[in-house]
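Asks: My structure is below; once you've seen it, I'll send some questions.
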Amino acid sequence: MPILVFASNINWVKSFNQAISEAKNQNKHIMVFYESKHCRWCKKMLNTTLKNSEVIKRINKNFISVKVLKEKNDYPDFIYSKYTPTTFFLTVDGKNIIRPVVGYWDTESFLSFLDDVKKALKK
């Protein structure tokens with residue numbers, strides 16, 4: 001009897017450039033989690049909302065995900081927000097699919113943003 005294993009974490013890649021490359025190869029879009037070293041809301045979102053099994057499943061299925069650290073600045077200039085966390089949903093050419101999602105969001109609200117991305121891509 002086969003054992004089904006579900007991803008227990010988001011499959012984060014190491015850099016924005018790797019995200020672009022893998023998104024092109026896998027025909028997926030990009031999710032960027034823009035965080036700051038000492039941001040308690042970033043940590044809360046990473047440890048709650050982004051640990052939810054439904055969120056993980058939908059993100060891993062549709063996106064190449066990357067975390068970028070505001071202080072490192074090793075990402076393109078168009079990924080910028082005054083606030084952390086901010087989540088960007090991008091096409092492989094760097095265009096926003098929906099407006100950046102600023103701040104901490106609970107699971108239900110974040111799933112709603114994922115629905116918004118899905119709707120925007122169907123247009």
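Read-outs: derived from the displayed coordinates by stated rules, not from any lab. Owing to the predicted nature of the structure, the values given are computational and were not obtained by experimental measurement. Virtual Cβ from ideal backbone geometry, glycine too; neighbours counted across all protein chains shown.
Asks: How much net charge surrounds Glu54 when only the other residues with a Cβ under 12 Å from the Cβ of Glu54 are counted, with Lys and Arg +1 and Asp and Glu -1?
Replies: So the surrounding residues net to +2.
Asks: State, to one decimal in nm, how far the label point of Lys61 lies from the label point of Ser81, with both points 7 Å from Cα in the Cβ direction.
Replies: Taking the simple label geometry, Lys61 and Ser81 are separated by 2.4 nm.
Asks: I need the helices of the chain that pass two filters: whole DSSP H segments spanning 18 Å or more by Cα along the axis, and mean Kyte-Doolittle score no lower than 1.0.
Replies: none
Asks: Continuing with the same structure: So which chymotrypsin sites (Phe, Trp or Tyr not before Pro) in segment 1-109 end up in coil per DSSP with only 16 or fewer other C-beta atoms within 10 Å?
Replies: Counting only loop positions with at most 16 other Cβ atoms within 10 Å, the chymotrypsin sites (Phe, Trp or Tyr not before Pro) in segment 1-109 are Phe6, Phe78, Tyr80, Tyr83.
Asks: Which of the GluC sites (Glu not before Pro) across segment 52-123 are loop residues per DSSP, with 16 or fewer other Cβ within 10 Å?
Replies: Glu71
Asks: Counting only other residues whose beta carbon sits under 11 Å from that of Val92, what net charge do I get with K and R as +1, D and E as -1?
Replies: Taking every other residue near Val92 into account, the sum is +1.
Asks: While we're here: Which value, in debye to the nearest 20, describes the size of the charge dipole of segment 50-123 about its Cα centre when Lys and Arg Cβ atoms bear +1, Asp and Glu Cβ atoms bear -1, and nothing else is charged?
Replies: 220
Asks: Still on this structure, please answer the following. Given contacts defined as C-alpha pairs under 8 Å and at least six residues apart, what's the relative contact order of the chain, whole-number percent?
Replies: 32
Asks: Provide the gained length on full extension for the span Asn27 to Asp116, in nm with one decimal, where the gain is 0.36 nm per separating residue minus the Cα-Cα distance.
Replies: This chain segment gains 30.1 nm when fully extended.
Asks: Among DSSP bridges having both ends in the chain, what percentage is antiparallel? Round to the nearest 5.
Replies: For the chain, the DSSP antiparallel bridge percentage is about 45.
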